[in-house]
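Following: one structure in structure tokens, then a few remarks.
The values are calculated or read from the model by the stated rules, or taken from the named source; none is laboratory data. Note that this is a predicted model, so its numbers are computed, not measured. Here the Cβ positions follow ideal geometry from the backbone for every residue, glycine too, while neighbour counts run over all protein chains shown. Just so you know, the surface numbers come from the protein's heavy atoms only, side chains and all, with ligands and any DNA or RNA stripped out. Shrake-Rupley method; radii C 1.70, N 1.55, O 1.52, S 1.80 Å.
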Amino acid sequence: MLDNDQRKAIEHNTGPCLVLAGPGSGKTTVIVERLRYLIKDRGVPPESIMVVTFTRESAVEMRERFYKALFDSGDYIRPNVTFGTFHSIFFSILRSDKSFRDFKILTGKNKLLFMKEVASSLSLLKNEREDTFDFLSGDISKKKNFGGRDFSDNGQKCGISTDDFKRYFELYEKRKSQYGLLDFDDMLTVFLEKLKNDPELLSLLQKKYKYFLVDEAQDMNLLQYECVRLLSGIERNCFLVGDDDQSIYSFRGADPMILKKFTDDFEGVSVISIHGNYRCAGKVVMFSSKLIKENKNRFEKTLESRTGVEGEITMIMHKDEAAQDSFAVRHIKTFLSESPDKTIAILARNRSETYVIMEYLKNEGIDYYSPFNEGTGKGGELIDFIFKDIMAYLRLSCVKEQKPFTRQDILFVMNKPDRRIPRYGLSNEEVYPHDWVSCFRDDEATKGRVSDLIRQIKLLSGFSPETALRYIQNAMGYYSVIENFLKKHPEKEAAVKAVLKDMEELSRKCKNKEEFLDMLESYRGKRNEKDMGDESRKASSRVFLYTYHGAKGLQFDEVLLLSVNETVTPSKKAVREEDIEEERRMFYVAMTRAKEKIVFSVVKKHGKDYLPPSRFLFEMKK
């Protein structure tokens, strides 16, 4: 049953429209019903409609809900509406252009190797850990997502100067072009540049797409907004659904003020607020609304709980983090026994706040789901690189004399550990060792490193599986790669040790490396099957652990917020007013995940520091 606000948005006629849809207001329902209204009631051709979301999962869910709505109403035809993320849709359009058909996407380990090669060429960041290049990649992404704007702190997290960052960025872009590569952000920057400089393409797309529906519009960055603005052309049928109070991705370039910019740039924008919250109980809505009204740069709106439930808000003080962790586990046990059909989430500003609780839950035999726990979701994927690397080394060692190496295997291992070997000479799928070495005849230092790697690979060929495994880890230095990983992810130490132990036991059972490779592939497959059960575990779990960011879009019967203290939330890094406002939005998002009850957990002592309760708690009591 649709309320008046929802129906008004769904039946908006033509032209630009901004729908301010707060937590629990049924924004997905609005988009799905808007689609059906356009196609069935207005006769809009489905192929002229583009629906943009921010994750692939959201796009799939939106599409399936739309098809189900049609099916339930007796319509069994699947309209050809375009669903997808900004990146997937725009890159698909680029790939249809013959000038971009041969470009490859730079991701994952290949991107890390490429970035290290660029750094080596400039004599920067030698022997740095992977997280250094994560920071560098973030600065590059920020520069692109803010339309090429330079920031005074670019390069600081990596330990390089702003001038060195500029040098790095220029060479990074140049090398990408030379190698025919595009990184993730290029899907937007290159697409926007193409729209601006290719009137024929722009006209073609404007004729094809007449209606644009954007979900979670508050998460748009300037590049994405400009692409939609250009594509919408003269008719400007842009239907943006979002909530500036839930904009929490500034590190990706998202800016809640883009919604305000939309109302300024598009003449005659209809702004429709949906007031009903069908998720959260009365007290949850009341206190979260008081909090978010402290933000000055926002659209004024009033939310009303439509659940008919009063709800509960409580605060508990603990002497330190250890006491908080013990309380959380006791609270979960009580919750599970007293509320057999309900869910509870432990939410934290930083993921490290949940590690001890996860260990306690494991020891208590309590089933739970967390996206950063080993064996579930991303946690399981994190250590899969060990299998890929070890198996690549082993495959290379099985290559017969005078036969070529496989390019992919070389790329996997040539800088694990970091040998400062660039990608030169690796343009073909088959890599002959002699030819590869010859590429560096004018660079004796690099030539020596490449030759030494090839020598060690050939030595591997004569070893038993068990000896080969130890040689890779110790003599070839691969264990240092694992150590660097554990510095970044200390919570994975037990899982990594278990995997290495299992590998060693498997190696003893195998007569040769070919058999060992088969065994490793089988073992890895079983682990991945276990990880593939992640969604079913998620669906069956009643206890969840997330960060504020990770919980966005989810809902639980009860939410327990950890360490609601100053310097934690808001973070001590939040100094400027706009940073505090984003921290407040994050806390607002965390609160509104709760359907019935919120428990604020405050500690007197956090680490070595005595911290006061968060200012957000006082703001809600005004």
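Here the stretch 228-370 is treated as an ellipsoid with the same Cα gyration tensor; its semi-axes, largest first and in whole Å, are 40, 19, 15. Volume of the convex hull of the stretch 89-175 (Cα atoms only), normalised per residue: 108 Å³. Amide H to amide H distances under 5 Å link Ser273 with Leu20, where only residues 5 or more positions off or on other chains count and H is placed in the peptide plane. Of the cross-linked pairs Lys142/Lys605; Lys166/Lys552; Lys111/Lys157; Lys116/Lys458, those separated by over 23 Å at the C-alpha level are Lys142/Lys605; Lys166/Lys552; Lys116/Lys458.
Highest mean packing first, where packing is the average number of other Cβ atoms within 10 Å per residue, the peptides 546-559, 196-209 line up as 546-559, 196-209. The listed residues Cys398, Cys238 rank as Cys398, Cys238 when sorted by accessible area, largest first, using a 1.4 Å probe. Assuming 1.002 mPa s and 20 °C, estimate D for the stretch 234-291 with Stokes-Einstein, Rh taken as the Kirkwood radius over Cα pairs, in µm²/s. The calculation lands on 154 µm²/s.
Among 15-25, 134-144, sorting by the average number of other beta carbon atoms lying within 10 angstrom of each residue, highest first, gives 15-25, 134-144. Positive end of the charge dipole of the chain (Lys, Arg +1 and Asp, Glu -1 on Cβ, about the Cα centre): tell me which of Phe66, Tyr172, Ser614 has its Cα farthest that way. Selected residue: Tyr172.
In a reduced charge model with +1 at each Lys and Arg Cβ and -1 at each Asp and Glu Cβ, the chain shows a dipole moment near 440 debye about its Cα centre. Here the accessible area of the stretch 20-97 is 50 percent carbon and sulfur, with a 1.4 angstrom probe and all protein chains present. Within a straight-line Cα-Cα reach of under 12 Å, Lys604 can be paired with the following aspartates and glutamates, leaving aside sequence neighbours fewer than 8 residues apart in one chain: Asp320, Glu321, Glu566. For the chain, count all C-alpha to C-alpha pairs, find those more than 32 Å apart, and express that count as a whole percent of the total. Result: 57 percent of Cα pairs exceed 32 Å. What translational D, rounded to a whole number of µm²/s, comes out for the stretch 161-297 from Stokes-Einstein when the hydrodynamic radius is the Kirkwood one over Cα pairs, at 25 °C and 0.890 mPa s? Roughly 137 µm²/s, to the nearest whole number. Under 26 Å of direct C-alpha separation, and excluding same-chain neighbours fewer than eight residues apart, Lys207 reaches these lysines: Lys40, Lys98, Lys194, Lys196, Lys261. For the chain, averaging the sequence separation of C-alpha pairs within contact (under 8 Å, six or more residues apart) and dividing by the residue count gives a relative contact order of 18 percent. For the listed peptides 511-524, 28-41, a ranking on the average number of other beta carbons within 10 Å per residue, highest first, reads 28-41, 511-524. Multiplying each eigenvalue of the alpha-carbon gyration tensor of the stretch 47-120 by 5 and taking the square root yields semi-axes of 36, 15, 8 Å, largest first, rounded to whole angstroms.
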